[in-house]
Amino acid sequence: GEGGGQGMTVLGDLPWAELSSTVRCVLSSHALVGVVNALHWLLSAVGVPQPHPNAEQVALCASAAVVTLVFYYLVRGKHNQRRRNNLARELNKARQRVNELEERLVRVEADESATHAGPPVRIWMDGVFDMMHYGHVNAFRQGRALGTYLVVGVNSDETITQCKGAPIQSDGERVATVKACKFVDEVVTGVPYIMNDEYLRMVIEKYQIDYVVHGDDPCIVDGKDVYESARKMGKYRTIPRTEGVSTTDLVGRMLLMTKAHHSASFESQGEAGELASGGRFERRSNFLTTSHMIRLFSAGVRAPPRGARIVYTSGSWDMLHTAHVEALRRAREHGDYLVVGVHNDNVVNEQLGGNFPIMNLHERVLSCLGCKHVDDVLINAPESITAEMIASLKISVVVRLVGTDDEASGGAAGGVQEFRVPERQGILRVERIQGGLTAADVVERISAQQERFQKRFHKKRRAEREYYSQRYGLEGSDEHHEDDEREGVAGEGDPGPEDASPPAPRL
């Protein structure tokens, strides 16, 4: 018929002669002949009787295999791709569900803590809390977890100076940062550095203390346990020290003129750290970030309620101090929910230079999470605030801080370019913090008494190593001996007055 004639015409138009010539060339090619000969040798070697497949049969099998694979990819491949896409969507939904359940769990834990049945369990902790850091905050968190109400005693400048030399920060500065901790319910000032039995019993009675809490390192002064009376009364509890940070560690970082403290390993640094005095040794950051630690510090963090006025501010927040506390308090007053952006180490160092920041990104994040004025933290916050960021976080007010060391890290170092978008939207507010402490001020205080702090650093560093060696059975560790040599412990000079019979380490 007409249709059959058309089909024959199409077939007749194909270049059969050229196709036949191409097939003959392929079948007689050296490559295919070599493959066929190798196949014949292999079949003979394994004992397969003749006749063996010729070139045409090998080419036909290979062509059939290629056609089958192409057909499978076109038909089944798309099906598998759709299946993978569906699984990916289900996985994303499951992750969202897990996040929702985790948030609900955190809320339940916070509600349980807030609605404790029965009389309150009052906890007492005391210490110096000089240059307060997230290790102190974690101690408060652990202490409060043993009860429902935490009373913190802050040692007085006078008694600290008598026992081990003047602290870096004053009474008022140390008290202000302790009061700003979200885990602390009440602060007692003027507490003696070494409490005798009479004073400790007065504290227990006056503040109705159920348990006295201290770190698990022994607190021995003049051969006597400072908390012996609390032990005898059955009111003493211990908590583990927070590893990876201490005031001693921070002082050591400030004595260095290098960026090396941001690295987890000193071997990765091209050159050794350098002391301002010319001596050379290296330090490494011992802080190990885990999601579990961040989650513990995030206890009580909730999503902003519907219709909340969300405030955003950002900075370095290095060694969270009194000026930071005041800046965060005033920023929080602009709305109902404060989100604090924390810039990464490179951004802060590019803007502030020198040895800043003293604390790395994750340490600074934990310090902010521990502040009672902060509702949430934006980790590795962008330098410039964009319209997309404002819309995503539902920001109602952006606060620019002027007058703190975070002014440079918060955008003022490069003018107001970082705040152009919120200014254009009419949501920018400026807070001027006057007369506050800065991280540079703390470094200056240490530099002014470098020799004293150098001796104190080595002495305290050795005490910390002995504590961890005993705790983990690392006596005689080569690593500690190597660290001593790198940090110049050997030959550091005759001990001064501070080095004689030091009191037990305190918080």
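The values are calculated or read from the model by the stated rules, or taken from the named source; none is laboratory data. Here the structure is a predicted model, which is why all the values come from computation and not from measurement. Note that each Cβ is placed from the backbone with ideal geometry, even for glycine, and that neighbours are counted across all protein chains shown. Heavy atoms of the whole protein, side chains included, go into the accessibility calculation; ligands, DNA and RNA do not. Shrake-Rupley method; radii C 1.70, N 1.55, O 1.52, S 1.80 Å.
Among the residues of the range 330-364, how many are closer than 22 Å to Ala303 by Cβ and out of contact with any strand residue (DSSP E or B) (no Cβ under 8 Å at 6 or more places or on another chain)?
Residues meeting the conditions: 1.
Take the residues in the range 320-375 that are hydroxyl-bearing (Ser, Thr, Tyr) and part of a helix (DSSP H, G or I), then tell me which one is least open to solvent (accessible area, probe 1.4 Å).
Ser367
If you check every pair at least six apart or on different chains, which have Cβ atoms under 6 Å apart with a residue in the range 289-305 that is touching a residue at least 24 places away in the same chain (Cβ under 8 Å) and within 18 Å of Val340 (Cβ to Cβ) first and a residue that is of a type in the set (Ser, Thr, Tyr) and surrounded by 15 or more Cβ atoms within 10 Å (Cβ to Cβ) second?
The qualifying pairs are Pro304/Tyr337.
I'd like the residue in the range 367-383 that is in contact with a Cys (Cβ under 8 Å, 6 or more places away or on another chain) and either at pLDDT 95 or above or of a type outside the set (Gly, Ala, Ser) (or both) and, out of all such residues, is nearest to His334 (Cα to Cα).
Filtering the range 367-383 for residues that are in contact with a Cys (Cβ under 8 Å, 6 or more places away or on another chain) and either at pLDDT 95 or above or of a type outside the set (Gly, Ala, Ser) (or both), the one nearest to His334 (Cα to Cα) comes out as Val374.
For the range 438-453, enumerate the residues that are of a type in the set (A, V, I, L, M, F, W, C) and modelled with pLDDT under 75.
Phe453
Inspect the range 45-62 for any residue being at pLDDT 75 or above, part of a helix (DSSP H, G or I) and within 60 Å of the chain's Cα centre (by Cα) and give the result as yes or no.
Yes.
Consider Arg306 against the criteria (1) of a type outside the set (Val, Ile, Thr); (2) open to solvent by 40 Å² or more (accessible area, probe 1.4 Å); (3) at pLDDT 90 or above: it satisfies all of them except one. Which criterion is unmet?
Condition not satisfied by Arg306: (3).
Please determine whether any residue of the range 232-250 is in a loop (DSSP other than H, G, I, E, B), among the charged types (D, E, K, R) and without any contact (Cβ under 8 Å) to a residue 40 or more places away in the chain.
The answer is yes; a qualifying residue exists.
From (1) touching a residue at least 40 places away in the same chain (Cβ under 8 Å); (2) within 29 Å of Thr322 (Cα to Cα); (3) open to solvent by less than 40 Å² (accessible area, probe 1.4 Å), pick out the condition that doesn't hold for Val187.
Going through the list (1) touching a residue at least 40 places away in the same chain (Cβ under 8 Å); (2) within 29 Å of Thr322 (Cα to Cα); (3) open to solvent by less than 40 Å² (accessible area, probe 1.4 Å), Val187 breaks only (1).
Out of curiosity, is Ser291 buried (at least 21 other Cβ atoms within 10 Å of the Cβ) and of a type outside the set (A, V, I, L, M, F, W, C)?
No.
Conditions (1) small (Gly, Ala, Ser); (2) touching a residue at least 24 places away in the same chain (Cβ under 8 Å), marked per residue:
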| site | (1), (2) |
| --- | --- |
| Tyr134 | no, yes |
| Asn138 | no, yes |
| Val152 | no, yes |
| Thr161 | no, no |
| Gly165 | yes, yes |
| Gln169 | no, yes |
| Ala176 | yes, yes |
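For Tyr211, all conditions in the list (1) open to solvent by 10 Å² or more (accessible area, probe 1.4 Å); (2) modelled with pLDDT under 90 hold save one; what is the number of the exception?
(2)
Do you know which of the residues in the range 154-169 that are hydrophobic (A, V, I, L, M, F, W, C) and open to solvent by less than 20 Å² (accessible area, probe 1.4 Å) is farthest from Ile194 (Cα to Cα)?
The extreme case among them is Ile168.
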